[in-house]
Amino acid sequence: MAPATARDTRPSSSLDLDVTRLPGIGLESKKLLERLEIRTIGDLLWHLPARYDDFSKYRPLRALVANQKQTAIAVIGRMTQRRTARGQLLTEAELFEEDGTPSDVRASWFGRSFVKETHREGERVRLSGDVKWVGRSLQFSQPALERADAEAVHTGRLVPIYRLTEGLKAGQVRRWLHTAIEGGPRRTAIVGEVPDLLPAQVRERHRLPDIASALRQVHFPDDTARLLAARRRLAFDELLVLQLALAQRRERWRAQAKAMPLVAADDALGRWTAALPFTLTGAQGRVIEQIRADLARRVPMSRLLEGDVGSGKTVVAALAARIAAASGAQTALMAPTELLAEQHARSLAALFGNEGPTHALLTSSVTGEPRRRILAGLADGSIDVVVGTHALVEEAVAFDRLGLAVVDEQHRFGVRQRSTFREKGDGLDPHLLLTTATPIPQTLNQTIYRDLDISVIDELPAGRLPIITHLRTPDQLAKVWEGVRLAVERGQQAFVVTPRIDPDDTGGEELPSAIATERDLGRGELRGLRLALMHGRMAAKERDDVMRRFAAREIDVLVATTVIEVGIDIPNATVMVILGADRFGLAQLHQLRGRVGRGADRAYCVLVSDASESARLAAMVEQKEGRPLNGFELAMRDLEIRGAGEFLGTRQSGAPELRIVDLADVDPQLIDETAREADRTLASDPSLERPDHELLAGAVDQLWRRYALA
């Protein structure tokens, strides 16, 4: 991890110096580097390569092979420059073998006039780049070029490739970093000033190089083996700091937090489950017992409940809320959207019946006197269960005895948002139950969710048939609509989902919209069927009415946006058509597919897209043992496709916050090693107060400060 910034005005080391103190970096370059959040020399050192070009294998010119990246040592022959038909400057050079033997190989560069100015005929050089056939001879195309007697920076080695911004050139960044890493005739290598987080005994125990050596090899590796060892060292640091932070957090939570024990008698739980309109699955029963045991303790529960779409997590949460109410405590259930909160409120009303806990829905749409009544009911304890969105963690919402907080679809909330529930307990901390229908890969459970216990509902209700998923192109839609008509004739219903609401919205004419699709289908392919429209711009009351009519089978086909992703349970719906399917994330596609197939009939999901090469769509139609990939398998695939994201925060895609570790494919042995080392470290020094742990403590603190959790 990068060292903490000095608090006084004097730099504590060269790492804190402005980046312009490195030779070659002027004010214009400084502005470009700031776009990459590089302001100091230390920041630059931690701008790690995104990948490498392997130019380490040398070949004589006569042995070059087309369509490969290669390196050769050659003597420059005649150099010419001319303008192409498109007006581009083309520099070409004849190449001779090292011993001066003529060859048919040439080198060419577009737009690099400096090549002719900085290199002369007869000079011995090293070239690295792509070799291609041009006519009947081989040619280096846009190769990197260095004098053969110069130190290899851009050629003849594993060459680092860095993330850039417009205006920055790869060679510039590489040259600046080489100066910082290797130093020069009059300059000491600044990389030697990077403080080492790990005590010497930890490095020795795990056979890790020191931090300066690791950074040197990550930027300019001598060979693949040393590069892998260096990356492993940096990955070890990242995972260890993460493991320490979460283990400390969990121990603080266990040691300092005190919860109200929530208990329900066996016969009461038996009555509640017997009153349900279905039989619980074995997995649901097992998970309820785990939660029940947690709730009975004075240590607050901190549990993540994973379960695929349709596995019955809401029922488990409802029974936990009944246990809380039986103990005189309140429950708050927080959902990521108003529509999902409304759906949960309806589900709880049905599950509780007339004799269950009192409950209310509190979202930003609830205003005026109804809102005042709910707030008063929560404050005086007359409301047992409240369902809402992030509005539940607003300062104005006060509880009488909040005993249980349930955060649904927890992957959409950052750690910070979840933590605020712990401030609502008025002296006691609520038990915390997090739920997700996007199962978390095991590597993440062992790292970023280390402060949670895990429960898994790995069983769907009895009688569920696998959903058959097809990938179709837009020109095959006629047959798709035929299939929808046949389903309706059998008395079944269908969803049609589009990526946008209105044809006038941005996104291009070709992108399907709900409004235009519902209109066109009603006039064309599905004329005569009962169609309805639902999207997020409709008033909540209007959406409720559409849901009610669809559930009552007054609508045959519901054309909608992803608002239906949030949990409508329509057992009679057997067809899900997703238009512009490539515009949706894998988790969304899986959630949408889970909206059908909840009854006894065979269900179908049709993904319509021109993007035949989409990895997400391929994962959706992939079969394993005669069934589609389940949520756990898709979660791992999703992580592989879109990157790990900022797991501790709220961002769910993009470049990982961790510099080295890819949590989609992290070495399980490294996870185990760092977990054991974190436990060993905290066993002897729980607060990381020893002098040899000072830098580790700073890195842990920096990790939390990044998310405003310190």
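Each reported figure results from applying straightforward, stated rules to the coordinates on display, with no laboratory input. Predicted model, so just to flag it, every value in this text is computed and none were measured. For neighbour counting, all protein chains shown are included, and Cβ atoms are generated from backbone atoms with ideal geometry for every residue, glycine included.
At-a-glance table
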{"item": "The stretch 561-600: trypsin sites (Lys or Arg not before Pro) in DSSP coil with no more than 12 other Cβ atoms inside 10 Å", "result": "none"}
{"item": "Extension gain from Ala540 to Arg373, taking 0.36 nm per residue of separation minus the Cα-Cα distance", "result": "58.1 nm"}
{"item": "Extension reserve of the Ala170-Arg21 stretch, reckoned as 0.36 nm per residue once the Cα distance is removed", "result": "51.7 nm"}
{"item": "Extension reserve of the Trp133-Asp104 stretch, reckoned as 0.36 nm per residue once the Cα distance is removed", "result": "9.3 nm"}
{"item": "Between 0 and 90°, nearest 10: helix 170-182 axis offset from the chain longest Cα axis", "result": "80"}
{"item": "Neighbour cut-off at most 16 other Cβ (10 Å), DSSP loop, GluC sites (Glu not before Pro), the stretch 137-243", "result": "Glu151, Glu166"}
{"item": "For the chain: relative contact order, % (alpha-carbon pairs under 8 angstrom, 6 or more apart)", "result": "11"}
{"item": "Nearest-0.05 FRET efficiency for Asp453 and Arg627, computed from C-beta distance (R0 35 Å)", "result": "0.75"}
{"item": "Dipole magnitude (debye, nearest 20) for the chain, charges at Cβ of Lys, Arg, Asp, Glu", "result": "880"}
{"item": "Cross-link partners of Lys57 among aspartates and glutamates (Cα-Cα below 18 Å; sequence separation of 8 or more within a chain)", "result": "Glu97, Glu98, Asp130, Glu146, Asp149, Glu151, Asp222, Asp223"}
{"item": "Most positive-pole-ward Cα, Phe352, Leu145, Ile374, against dipole of the chain from beta carbon charges", "result": "Leu145"}
{"item": "Taking Asp569, Asp384 and counting other C-beta atoms within 10 Å, the order from fewest to most", "result": "Asp569, Asp384"}
{"item": "Helix-derived mean residue ellipticity, 222 nm - over the chain, DSSP H n ≥ 4, -39500 (n - 2.57), to 500", "result": "-10500 deg cm²/dmol"}
{"item": "Pair Arg485, Ala396: separation of 7 Å Cα→Cβ label points (nm)", "result": "5.3"}
{"item": "The stretch 54-149: trypsin sites (Lys or Arg not before Pro) falling in loop per DSSP and having at most 12 other Cβ within 10 Å", "result": "Lys57, Arg86, Arg120, Arg136"}
{"item": "For the chain, with +1 on Lys and Arg beta carbons and -1 on Asp and Glu, the positive-most of Leu392, Pro474, Ala635 along the dipole", "result": "Pro474"}
{"item": "Gyration tensor (alpha-carbon) shape descriptor, the stretch 64-131, a/c threshold 1.5", "result": "oblate"}
{"item": "The stretch 215-293 shape via C-alpha gyration tensor axes, a/c threshold 1.5", "result": "oblate"}
{"item": "Dipole magnitude (debye, nearest 20) for the stretch 57-156, charges at Cβ of Lys, Arg, Asp, Glu", "result": "460"}
{"item": "The stretch 468-625 shape via C-alpha gyration tensor axes, a/c threshold 1.5", "result": "rounded"}
{"item": "Positive-end residue of Val577, Ala264, Thr517, charge dipole of the chain with Cβ unit charges", "result": "Thr517"}
